[in-house]
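Okay, so here's the structure we're looking at.
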Amino acid sequence: MKNNVVIIDKSDNVATAIKDLSEGEVLVGEVELGIKALQAIPFGHKVALKDIKRGEEVIKYGEPIGVATVDIRAGEHVHIHNLEGRRGRGDQKGGES
Amino acid sequence: MSELLGYWRPDGQVGIRNHLAIISSVVCANRGTELIAEAVPGAVPIIHQHGCAQIGADMEMVFRTLEGTGKNPNVGAALVVGLGCESVDAETLASRIAESEKPVDFVSIQKSGGTLRAIEEGIRKAKNMAQLLWKNEREPFGWDKLILGTECGGSDTTSGLAANPATGRVADRVVELGGTVILSETTEIIGAEHVMARRAATPELAEKFLELIDQVEKRYMRLGVDFRGGNPAPGNIKGGLTTLEEKSLGAIHKAGTSIFHELLDYAQRPTKKGWL
């Protein structure tokens, strides 16, 4: 089966969709991942590879790209509705420097 | 590998292009600059929103940027167009560019006696320069003379997966061959700076680099606004990029894997080779 997601680093907890994924579609990286997409996920967007708790770091490229703002389940779409960055947050008092 | 061909400039730099640059020294001279460029085939207008009511470091930055544009080896000749009363005055700018020993001249709208006369004078001068440029021929040059600048635009998640890593491979190869590659867009390093700092040529450079990124971020924080929506931009977000860190981690891929040797301020000339 041809892959439909890309995992950049082995420590990543999200993968990137390289085709539009439909709800229920099985994620396939270099091997079948045993996870189903819980909703439709557009090309280029991220999908969780494991459960991520609220406040936990989301890892891509082997580095943190932000934190989960709510609990995320494996197979869920990960984007601005449940992930936020910590850098350049002038809106937060005493934000990251 | 086939040899590189380019235009050797009097100051020893080599250009890939042979542009005739019509450079506006001040926003009021923009229209005149455009009209002169339109009348001369191959001329490139350089216009901007600065040049007046500026003092100190602000003014010097505009001078440096326009001077750098004129001195760029891709520019074969330059004509500066000013109004006559501006802070970044055309004559001074032209003389600074002339340090490169390429053909440079200027027109001042007020000195010429008005816009129409200045445009006429500018077109005559530009046509003479264009004829000089037609005589330039491309000749072989070595990789040590090549400077490659990298930029991105319209980033989405494929940028960090495909376009930027591909550019990074080219960057590595150019550096290996003795050329220079410049990575820019400082805000899009925020979130990835620790990855890049490991590749500084010296610990002092790494420290200076981290401090610089910190300052850039603090400057934006002082505005009291949330970066998001600005960077990543709405188009980036639609394309799947969620956070600034994610964008930066993808963006730095276009710099390849070499170590970097110099940190350049805006409009500063490189003094070293390799990755900067």
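Quick check on my filter: what residues within region A:1-29 are away from chain B (no Cβ under 14 Å) and among the hydrophobic types (A, V, I, L, M, F, W, C)?
A:1, A:26, A:27, A:28
Suppose the filter is in contact (Cβ under 8 Å) with a residue 24 or more places away in the chain, touching a Ser or Thr at 6+ places or on another chain (Cβ under 9 Å) and of a type in the set (A, V, I, L, M, F, W, C); does residue B:133 pass it?
Taking the combined requirement at face value, the residue does not satisfy it.
Does residue B:167 satisfy the condition of being assigned to a helix (DSSP H, G or I), out of contact with any Cys (no Cβ under 6 Å at 6 or more places or on another chain), within 10 Å of another protein chain (Cβ to nearest Cβ) and under 18 Å from residue B:256 (Cα atoms)?
No, not satisfied.
With the condition being more than 17 Å from residue B:245 (Cβ to Cβ), within 14 Å of chain B (Cβ to nearest Cβ) and without any contact (Cβ under 8 Å) to a residue 60 or more places away in the chain, I'd like the strands (runs of 3 or more DSSP E) fully within region A:30-71 carrying at least 1 qualifying residues. Before you say what the answer is, go through the steps one by one.
Working: elements: A:32-36, A:46-48, A:57-60, A:63-68.
Here the list reads A:46-48.
Go through (1) modelled with pLDDT of 80 or more; (2) in contact with a Ser or Thr (Cβ under 7 Å, 6 or more places away or on another chain) one by one and return the number of the condition residue B:256 breaks.
All conditions are met except number (2).
Taking region A:54-81 on its own, how many of its residues are surrounded by 18 or more Cβ atoms within 10 Å (Cβ to Cβ) and on the phi > 0 side of the Ramachandran plot?
Total satisfying the criteria: 3.
The values are calculated or read from the model by the stated rules, or taken from the named source; none is laboratory data. Everything quoted here is computed from the prediction, not taken from an experiment. Cβ: placed from backbone, ideal geometry, glycine included. Neighbour counts: every protein chain shown.
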